[in-house]
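Read-outs: derived from the displayed coordinates by stated rules, not from any lab. On a predicted model such as this, the values are computed, not experimentally measured, just so you know. As a convention, Cβ positions derive from the backbone with ideal geometry for all residues, glycine included, and neighbour counts pool all protein chains shown.
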Amino acid sequence: MMRLWGRKSSINVQKVLWCLADLGLKEGADFERIDAGLQFGIVRSPEFLKLNPNGLVPALEDQDLVLWESNTILRYLASQHDKNKHFPSDIKSQYGSEKWMDWQVGTLWPALRPAFLGLTRVPESERDYPAIQKAYQEANQLFSLLDQTLASQAYCSGKQFNIGDIVLALCVHRWMLLNESFAKQTGSRADLKNIERWLTQIKAETHFQEFAEKELNIISK
Ligand SMILES: N[C@@H](CCC(=O)N[C@@H](CS)C(=O)NCC(=O)O)C(=O)O
């Protein structure tokens, strides 16, 4: 049985849980999950650091293979555990999705992260509001690139839902939640109709609703 380490409130753990569910893999039967990170601790323990020396979640153990980096875990699950061919595996779809996954981790999240951390993890008295708004507005610009792609195709890599859509949708969801909870501090959210249509479709057709956060986990006071 696979073992997944990580708390459900982590966006990167949510990616993995959602992917496992879409692949038809069940907690208790196909994998076990151990709460780790933030209030659960564990991530700085010598045992966990042997699995992931970064001290971050998620980490996945599958027999003697240990993986960290959520997007890599998704790639692994799609290539090794997709018995029913849920995700497309032709080269065009595969690399179309890879491109967006690298963009999510290398471009999009670094832009949005200061707004997210600034509003949910930094105490109010210490917040850098101009930096928060700048980050949010930069994310608006970046999401407009995804919106342009979604104007001419249903999903990030073409006609079929793919693992790239998982990592993008959770970021889009967080971007929307941030604006709902902190409209004044983020400034306006770009009105991106193709992204909205795509997210509505994803909510209806996948396990998104079970794993995406219902509200922001705000741990700063
Ligand atoms: N690039 C890594 C980032 C992992 C990461 O930053 N994880 C956060 C949660 S989203 C974490 O472990 N934070 C420390 C904690 O929860 O204690 C990935 O995609 O897996």
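Structure values in brief
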item: Extension gain, Phe40 back to Ser89 (0.36 nm per residue minus Cα-Cα distance, nm); result: 14.0 nm
item: Rg followed by Dmax, in Å, when the chain is reduced to its Cα trace; result: 17.4, 51
item: Entries in Lys134/Lys159; Lys85/Lys193; Lys15/Lys99; Lys83/Lys203 that, when Cα-Cα distance is taken, lie over 26 Å; result: Lys134/Lys159; Lys85/Lys193
item: Where only alpha carbons of the stretch 2-80 are counted, the Rg and the Dmax (Å); result: 11.5, 33
item: Cα centroid separation - the stretch 33-48 against the stretch 86-137, whole Å; result: 24 Å
item: Paired Rg and Dmax values of the stretch 91-211, which use every Cα atom, in angstrom; result: 14.7, 50
item: Assigned charges on the beta-carbon of Lys, Arg, Asp, Glu; the stretch 2-80 dipole about Cα centre (debye); result: 260 debye
item: For the stretch 102-152, alpha-carbon Rg relative to the globular expectation (2.2 N^0.38 Å, N residues); result: 1.29
item: Efficiency of FRET from Cβ geometry, Lys159 and Ala131, R₀ 41 Å, rounded to 0.05; result: 0.55
item: Inter-probe distance in nm under a simple model that places probes 7 Å from Cα toward Cβ, at Ala29 and Ala204; result: 2.8 nm
item: Calculated log₁₀ intensity ratio I(q)/I(0) where the Debye formula runs over C-alpha points of the stretch 1-132, q = 0.15, 0.18 Å⁻¹; result: -0.82, -1.08
